[in-house]
Each structure stands twice: as structure tokens, then as C-alpha cells.
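Visitor: After the C-alpha cells below, expect a handful of questions from me.
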Amino acid sequence: MAQHRSRPIAARGWCAAAVLAAFAAAGCGTSTTPGVPATGTTAPVTETPAVSADSAKGLCDLIGPQVDTWRGDGPTLGKTKFNATVHDWALRNNGVNIAVMRNRAVIDEVTTNTCPDVRQATMAALQISDLASGLAGF
């Protein structure tokens, strides 16, 4: 009987890649016809979405412990893992994923107000000027 070794790091990497691929595929359309503009009024895209204080704390609690790992992984792999973490957080917090899709800068606003030290450490580890620029798939 063959022995199987657990490879949690590789599995997490594959899971993160699968999540990103799924989001990228979902955003691809095949239609060549232009969309019909909606009638009525809609909220402006630049409007800051609401994220509850509990959700904001949850994001900080997810990001904080991983910053050193991302620093060791380097900016490319670190950004991939950061993306997976933010996607996971957004999907767990009923509708926050829609808020982030409308305005990725909400991640910076939330972390600036809730955990500025974690935000700064994350930007340094991922070598980015703001957290929104490190997101893909939103």
C-alpha cells in the first residue's frame, strides 16, 4: 500500500489558483452584442460600499497572521494568497464580495480604519502601494 504524504502548502496553492481561475472565468463573456443601458437611476460605482465593523475586524484577523508567510513567499505568490484570503473573507460575509467588486478601494478604507498596522505590513510584504492594487478577480 502506498503511503501518501499530506502537502498542505501545495494544496492551498492549488486551491488559491482554482479560486482565482473560477473568478476569472466567471468574468469572461462570450457575447459580442453590446449591452442595453438600464433605465432609471443606479448607484454610482464610486460609492463606498458598507462593511460592518465585525466584517472589518474579521478581515484584519485573517490577514494579520499571514503577512510573514506572504513576505517569505515573495510578492507574486504572496499576492495570490492575499487574493484568496480576501475572496474567502468577502464570500463569508454576506454580500461583502459585491461591495468589493463595486469598489476595491474599500479594502484599503476598511483596513486603514480598523488595522492600519496590518495594512502597512501587508503592503510592505507584497510590495504594493495600496491593497486594492494587489487584488485580482473582483
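Visitor: Within 10 Å, count the other beta carbons around each residue, average over each peptide in 72-78, 125-131, and list them highest first.
Guide: Details: 72-78: 14.6, 125-131: 17.9.
So the peptides 72-78, 125-131, ranked by packing, come out 125-131, 72-78.
Visitor: Next question, about the same structure. Rounded, prolate or oblate: which fits segment 48-138, taking a ≥ b ≥ c as square roots of the Cα gyration tensor eigenvalues, rounded meaning a/c under 1.5, else prolate when a/b beats b/c? Kindly include the intermediate steps, with their values, before the conclusion.
Guide: Working: a/c = 1.66, a/b = 1.47, b/c = 1.13.
It is prolate, given that a/c is not under 1.5 and a/b is the larger ratio.
Visitor: In nm, what is the difference between 0.36 nm times the number of residues separating Thr69 and Ile98 and their Cα-Cα distance?
Guide: Numbers: separation 29, 0.36 × 29 = 10.44 nm, distance 2.78 nm.
Fully extending the segment from Thr69 to Ile98 adds 7.7 nm.
Read-outs throughout are calculated quantities, based only on the coordinates presented, and are distinct from any laboratory measurement. Since the model is a prediction, treat every value here as computed from it, not as a measurement. Note: ideal-geometry Cβ built from the backbone for every residue, glycine included; neighbour counts use all protein chains shown.
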